1. When you take every Cα atom in the stretch 101-140, what is the radius of gyration, and what is Dmax, the widest Cα pair distance, in Å?
2. Averaged per residue, what accessible area in Å² does the stretch 22-140 show with a 1.4 Å probe, protein chains only?
3. For the chain, give the percent of accessible area contributed by carbon and sulfur heavy atoms, probe 1.4 Å, rounded to a whole number.
4. Principal axes first, then extents: for the Cα atoms of the chain, list largest minus smallest coordinate on each axis, whole Å, largest first.
5. Which shape class applies to the stretch 45-112: rounded if a/c is under 1.5, otherwise prolate when a/b exceeds b/c and oblate if not, where a ≥ b ≥ c are the square roots of the Cα gyration tensor eigenvalues?
6. Would you kindly state how much longer the chain becomes between Trp14 and Met27 on full extension, computed as 0.36 nm times their sequence separation minus their alpha carbon distance, in nm to one decimal?
7. Quick one: Cα centre-to-centre distance for the stretch 60-75 and the stretch 104-131, in angstrom?
Amino acid sequence: MSDPVYLQAPWYDWAVADLLLREWDEMIGEAEQSVRKAQARTPSREELAIIRAAGEWRALRGEWDQALSCAQYCRESNQQDTLDHATMDYANVAIACLELGDEQTYLRLREEMATRFKDALEVAPWRTLEVGLLRPLDDR
């Protein structure tokens, strides 16, 4: 981005990028509305994937309240989801909690994750370790 030649790109490249970002923002808004509608029932895997993407987009933009809301919803609803997605939901909640300064919720989440996935294989041990090491561990 700091290269002056790059900044002199044709205006339509920037216009297309702006249009794509606006379209994506609209899609994210629709996904977040589906969160509110889906709260009365168990969401499908496809709905969870959309909500998870919305939360990750909000996190990329630094909109931590909305990111936490989406991640919490996915974490609470991911009983039918894969181990990879379930552990990623925990990681997303943990990061959002810490970004919002909610250390106590993070610590409870860390304990819950360690208990829930203590016998799991695949990606769970690595994600549990990653979440655990976001803050220093206590004596236990």
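1. Rg then Dmax for the stretch 101-140, in Å: 10.2, 31.
2. 61 Å²
3. 56 percent
4. Extents along the principal axes, in whole Å: 57, 38, 29.
5. Note, shape of the stretch 45-112 comes out oblate.
6. Going from the current span to full extension adds 2.7 nm.
7. The two parts, judged by their Cα centres, are 19 Å apart.
The values are calculated or read from the model by the stated rules, or taken from the named source; none is laboratory data. Since we're looking at a predicted model, the values are computed, not measured. Heavy atoms of the whole protein, side chains included, go into the accessibility calculation; ligands, DNA and RNA do not. Shrake-Rupley method; radii C 1.70, N 1.55, O 1.52, S 1.80 Å.
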